[in-house]
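Take a look at the structure set out below.
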2 protein chains.
Amino acid sequence: MCAYQSFEDQFTWSAEEKRAARRVFDLAYQRQCAAILEKVKQMTTSATPTPSDVWEIHDYLSDQRKKVDKTFDYRYSVLLTVFSKLLSDGWLTDADLSGLQADKIEAIKRWTSL
Amino acid sequence: MCAYQSFEDQFTWSAEEKRAARRVFDLAYQRQCAAILEKVKQMTTSATPTPSDVWEIHDYLSDQRKKVDKTFDYRYSVLLTVFSKLLSDGWLTDADLSGLQADKIEAIKRWTSL
(Lines give C-alpha, C1' and ligand atoms only; values in the text may rest on other atoms or scores of the structure.)
Protein backbone atom coordinates (compact mmCIF):
# COMPACT_ATOMS: atom_id res chain seq x y z
CA MET A 1 0.00 0.00 0.00
CA CYS A 2 1.38 3.37 -1.01
CA ALA A 3 1.11 6.08 1.60
CA TYR A 4 1.98 8.87 -0.81
CA GLN A 5 -0.82 11.30 -1.51
CA SER A 6 -0.31 14.18 -3.90
CA PHE A 7 -1.76 17.61 -3.26
CA GLU A 8 -4.39 16.97 -5.93
CA ASP A 9 -5.44 13.67 -4.35
CA GLN A 10 -6.77 15.69 -1.42
CA PHE A 11 -9.57 17.13 -3.55
CA THR A 12 -12.89 15.38 -3.94
CA TRP A 13 -15.03 15.65 -7.04
CA SER A 14 -18.82 15.60 -6.97
CA ALA A 15 -20.68 14.11 -9.94
CA GLU A 16 -21.78 17.58 -10.98
CA GLU A 17 -18.24 18.92 -10.73
CA LYS A 18 -16.90 16.00 -12.75
CA ARG A 19 -19.32 16.93 -15.54
CA ALA A 20 -18.15 20.55 -15.33
CA ALA A 21 -14.51 19.45 -15.42
CA ARG A 22 -15.18 17.32 -18.49
CA ARG A 23 -16.75 20.32 -20.25
CA VAL A 24 -13.74 22.50 -19.40
CA PHE A 25 -11.34 19.80 -20.58
CA ASP A 26 -13.20 19.22 -23.87
CA LEU A 27 -13.52 22.97 -24.47
CA ALA A 28 -9.76 23.47 -24.21
CA TYR A 29 -9.10 20.39 -26.34
CA GLN A 30 -11.46 21.66 -29.04
CA ARG A 31 -9.87 25.13 -28.99
CA GLN A 32 -6.43 23.64 -29.41
CA CYS A 33 -7.62 21.37 -32.25
CA ALA A 34 -9.22 24.40 -33.95
CA ALA A 35 -5.93 26.28 -33.74
CA ILE A 36 -3.99 23.31 -35.15
CA LEU A 37 -6.52 22.93 -37.98
CA GLU A 38 -6.27 26.63 -38.80
CA LYS A 39 -2.49 26.43 -38.90
CA VAL A 40 -2.64 23.38 -41.21
CA LYS A 41 -5.03 25.29 -43.51
CA GLN A 42 -2.54 28.17 -43.68
CA MET A 43 0.31 25.74 -44.37
CA THR A 44 -1.57 24.02 -47.21
CA THR A 45 -2.38 27.40 -48.75
CA SER A 46 1.23 28.55 -48.85
CA ALA A 47 2.80 25.12 -49.54
CA THR A 48 4.33 24.14 -52.85
CA PRO A 49 3.83 20.53 -54.02
CA THR A 50 7.32 19.53 -52.94
CA PRO A 51 8.31 16.84 -50.43
CA SER A 52 9.78 19.43 -48.05
CA ASP A 53 6.57 21.48 -47.86
CA VAL A 54 4.24 18.47 -47.64
CA TRP A 55 6.28 16.67 -44.98
CA GLU A 56 6.62 19.92 -43.05
CA ILE A 57 2.84 19.74 -42.52
CA HIS A 58 3.22 16.15 -41.37
CA ASP A 59 6.07 17.06 -39.01
CA TYR A 60 3.99 19.90 -37.57
CA LEU A 61 1.04 17.58 -36.90
CA SER A 62 3.30 14.90 -35.38
CA ASP A 63 4.78 17.46 -33.03
CA GLN A 64 1.38 18.87 -32.06
CA ARG A 65 -0.09 15.41 -31.48
CA LYS A 66 2.73 14.51 -29.09
CA LYS A 67 2.28 17.76 -27.17
CA VAL A 68 -1.51 17.44 -27.02
CA ASP A 69 -1.34 13.79 -25.94
CA LYS A 70 1.07 14.77 -23.19
CA THR A 71 -1.02 17.72 -22.00
CA PHE A 72 -4.57 16.39 -22.13
CA ASP A 73 -4.48 13.84 -19.32
CA TYR A 74 -7.92 13.37 -17.79
CA ARG A 75 -7.00 11.79 -14.46
CA TYR A 76 -8.42 13.55 -11.43
CA SER A 77 -5.05 13.09 -9.73
CA VAL A 78 -3.44 15.50 -12.25
CA LEU A 79 -6.42 17.43 -13.62
CA LEU A 80 -5.83 20.64 -11.67
CA THR A 81 -2.27 20.97 -12.97
CA VAL A 82 -3.58 20.20 -16.49
CA PHE A 83 -6.11 23.05 -16.15
CA SER A 84 -3.37 25.26 -14.73
CA LYS A 85 -1.20 24.67 -17.79
CA LEU A 86 -4.14 25.20 -20.16
CA LEU A 87 -4.97 28.46 -18.40
CA SER A 88 -1.34 29.54 -18.55
CA ASP A 89 -1.09 28.68 -22.26
CA GLY A 90 -4.27 30.59 -23.08
CA TRP A 91 -6.52 27.63 -23.96
CA LEU A 92 -8.76 28.41 -20.98
CA THR A 93 -9.91 31.62 -19.34
CA ASP A 94 -10.85 32.25 -15.71
CA ALA A 95 -14.51 32.29 -16.77
CA ASP A 96 -14.27 28.74 -18.15
CA LEU A 97 -13.51 27.43 -14.66
CA SER A 98 -16.72 28.76 -13.12
CA GLY A 99 -18.29 25.29 -12.73
CA LEU A 100 -15.52 24.16 -10.37
CA GLN A 101 -15.40 24.69 -6.60
CA ALA A 102 -13.54 27.68 -5.21
CA ASP A 103 -10.69 25.68 -3.63
CA LYS A 104 -9.89 24.03 -6.95
CA ILE A 105 -10.02 27.31 -8.87
CA GLU A 106 -7.72 28.83 -6.28
CA ALA A 107 -5.23 25.95 -6.66
CA ILE A 108 -5.34 26.18 -10.47
CA LYS A 109 -4.68 29.93 -10.43
CA ARG A 110 -1.92 29.60 -7.85
CA TRP A 111 -0.04 27.10 -10.03
CA THR A 112 -0.64 29.26 -13.10
CA SER A 113 1.03 32.20 -11.40
CA LEU A 114 4.15 30.23 -10.49
CA MET B 1 32.29 -11.46 -53.20
CA CYS B 2 28.65 -11.82 -54.18
CA ALA B 3 28.08 -13.36 -57.59
CA TYR B 4 24.40 -12.43 -57.68
CA GLN B 5 23.45 -9.90 -60.31
CA SER B 6 19.85 -8.74 -60.66
CA PHE B 7 18.22 -8.16 -64.01
CA GLU B 8 18.47 -4.40 -63.43
CA ASP B 9 22.19 -4.59 -62.64
CA GLN B 10 22.75 -5.57 -66.28
CA PHE B 11 21.76 -2.09 -67.46
CA THR B 12 24.31 0.67 -67.76
CA TRP B 13 23.45 4.34 -67.32
CA SER B 14 25.16 7.12 -69.23
CA ALA B 15 25.56 10.50 -67.53
CA GLU B 16 22.91 11.95 -69.82
CA GLU B 17 20.51 9.12 -69.07
CA LYS B 18 21.09 9.51 -65.33
CA ARG B 19 20.01 13.14 -65.63
CA ALA B 20 16.92 12.07 -67.56
CA ALA B 21 16.12 9.41 -64.93
CA ARG B 22 16.44 11.98 -62.16
CA ARG B 23 13.99 14.27 -63.97
CA VAL B 24 11.51 11.41 -64.38
CA PHE B 25 11.88 10.44 -60.72
CA ASP B 26 11.45 14.02 -59.46
CA LEU B 27 8.47 14.59 -61.77
CA ALA B 28 6.62 11.58 -60.36
CA TYR B 29 7.54 12.56 -56.80
CA GLN B 30 6.24 16.09 -57.34
CA ARG B 31 3.00 14.80 -58.87
CA GLN B 32 2.41 12.51 -55.92
CA CYS B 33 3.18 15.33 -53.45
CA ALA B 34 0.76 17.60 -55.32
CA ALA B 35 -1.97 14.95 -55.02
CA ILE B 36 -1.29 14.49 -51.29
CA LEU B 37 -1.35 18.26 -50.75
CA GLU B 38 -4.64 18.56 -52.63
CA LYS B 39 -6.17 15.79 -50.53
CA VAL B 40 -4.99 17.49 -47.30
CA LYS B 41 -6.54 20.77 -48.50
CA GLN B 42 -9.85 18.98 -49.06
CA MET B 43 -9.63 17.34 -45.63
CA THR B 44 -8.95 20.64 -43.87
CA THR B 45 -11.89 22.23 -45.65
CA SER B 46 -14.37 19.58 -44.54
CA ALA B 47 -12.82 18.91 -41.10
CA THR B 48 -14.42 19.98 -37.84
CA PRO B 49 -12.09 21.19 -35.06
CA THR B 50 -12.30 17.86 -33.25
CA PRO B 51 -9.44 15.51 -32.35
CA SER B 52 -10.80 12.78 -34.63
CA ASP B 53 -10.86 15.02 -37.72
CA VAL B 54 -7.51 16.69 -37.01
CA TRP B 55 -5.69 13.42 -36.26
CA GLU B 56 -7.29 11.82 -39.32
CA ILE B 57 -5.27 14.31 -41.40
CA HIS B 58 -2.16 13.33 -39.46
CA ASP B 59 -2.87 9.61 -39.94
CA TYR B 60 -3.37 10.17 -43.66
CA LEU B 61 -0.04 11.98 -43.98
CA SER B 62 1.77 9.33 -41.90
CA ASP B 63 0.41 6.62 -44.16
CA GLN B 64 1.30 8.49 -47.35
CA ARG B 65 4.80 9.27 -46.12
CA LYS B 66 5.49 5.60 -45.42
CA LYS B 67 4.22 4.61 -48.87
CA VAL B 68 6.16 7.35 -50.65
CA ASP B 69 9.37 6.58 -48.74
CA LYS B 70 9.00 2.94 -49.69
CA THR B 71 8.29 3.68 -53.36
CA PHE B 72 10.74 6.45 -54.20
CA ASP B 73 14.02 4.57 -54.01
CA TYR B 74 16.63 6.14 -56.28
CA ARG B 75 19.10 3.30 -56.59
CA TYR B 76 19.95 2.32 -60.15
CA SER B 77 19.71 -1.33 -59.10
CA VAL B 78 15.94 -0.91 -58.50
CA LEU B 79 15.07 2.19 -60.52
CA LEU B 80 13.41 0.41 -63.43
CA THR B 81 10.98 -1.41 -61.13
CA VAL B 82 10.33 1.91 -59.34
CA PHE B 83 9.47 3.53 -62.69
CA SER B 84 7.36 0.51 -63.57
CA LYS B 85 5.30 0.90 -60.39
CA LEU B 86 4.96 4.66 -60.92
CA LEU B 87 3.79 4.06 -64.48
CA SER B 88 1.35 1.41 -63.29
CA ASP B 89 0.00 3.70 -60.53
CA GLY B 90 -0.49 6.60 -62.95
CA TRP B 91 2.25 8.92 -61.63
CA LEU B 92 4.15 8.60 -64.92
CA THR B 93 3.08 8.33 -68.54
CA ASP B 94 4.86 6.63 -71.44
CA ALA B 95 5.85 10.08 -72.72
CA ASP B 96 7.70 10.88 -69.47
CA LEU B 97 10.14 8.01 -70.15
CA SER B 98 11.31 9.39 -73.51
CA GLY B 99 14.77 10.36 -72.20
CA LEU B 100 15.62 6.73 -71.36
CA GLN B 101 17.08 4.15 -73.73
CA ALA B 102 14.75 1.80 -75.58
CA ASP B 103 15.83 -1.35 -73.69
CA LYS B 104 15.03 0.28 -70.34
CA ILE B 105 11.66 1.59 -71.52
CA GLU B 106 10.86 -1.88 -72.80
CA ALA B 107 11.74 -3.45 -69.41
CA ILE B 108 9.67 -0.85 -67.51
CA LYS B 109 6.62 -1.45 -69.71
CA ARG B 110 7.00 -5.22 -69.53
CA TRP B 111 6.94 -5.15 -65.70
CA THR B 112 4.03 -2.71 -65.76
CA SER B 113 1.99 -5.14 -67.82
CA LEU B 114 2.58 -8.04 -65.41
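Just the Cα atoms of the range B:10-69: what Rg and Dmax do they give in Å?
Gyration radius and largest Cα-Cα distance of the range B:10-69: 17.0, 54 Å.
How big is the A-B contact in terms of buried accessible area, both chains counted, 1.4 Å probe, rounded to the nearest 100 Å²?
Numbers: alone 7680 and 7660 Å², together 13100 Å².
Counting protein atoms only, the buried area is about 2200 Å².
With a cut-off of 8 Å between alpha carbons and a minimum separation of six or more residues, what is the relative contact order of chain A in percent?
With pairs under 8 Å counted, the relative contact order is 37 percent.
Distance from the Cα centre of the range B:43-87 to that of the range A:18-75, in angstrom?
20 Å
Let me know the Kirkwood hydrodynamic radius for chain B, please, with Cα pairs as the basis and the value in Å to one decimal.
Taking every pair of different Cα atoms in chain B, averaging 1/r and inverting gives 15.9 Å.
Percent of Cα-Cα pairs per 10 Å bin, from 0 to the last occupied bin, for the range A:56-114, please list those.
22, 47, 22, 9, 1
May I ask you to report, in nm to one decimal and beginning with the shortest, the distances from A:TRP13 to the same position in the other copies, taking label points 7 Å along Cα-to-Cβ?
Ordered by increasing distance: 5.9 nm.
Taking a probe of 1.4 angstrom, what is the accessible area of A:ILE105 in Å², to the nearest 10?
Approximately 30 Å² of A:ILE105 is accessible to the 1.4 Å probe.
What nm distances, shortest first, do you get from the label point of B:THR50 to those in the other copies when the point sits 7 angstrom along Cα to Cβ?
Distances to the matching label points in the other copies: 3.7 nm.
Provide the per-residue ³J(HN,Hα) series for the range B:16-29, in order, calculated from phi with Karplus coefficients 6.51, -1.76, 1.60 and θ = phi - 60°, each as a whole number of Hz, with x at glycine and proline positions.
Rounded to whole hertz, the list is 5, 6, 4, 5, 5, 4, 5, 5, 4, 4, 5, 4, 5, 4.
How large is the convex hull of the Cα atoms of the protein assembly as shown per residue, expressed in Å³ as a whole number?
Hull volume normalised by residue count: 242 Å³.
The values are calculated or read from the model by the stated rules, or taken from the named source; none is laboratory data. Keep in mind that what you see is a predicted model, and the values were worked out from it rather than measured. Cβ atoms come from the backbone with ideal geometry, glycine included; neighbour counts cover every protein chain shown. Quick note on the areas: whole protein, heavy atoms, side chains included, nothing else; ligands and nucleic acids left out. Shrake-Rupley method; radii C 1.70, N 1.55, O 1.52, S 1.80 Å.
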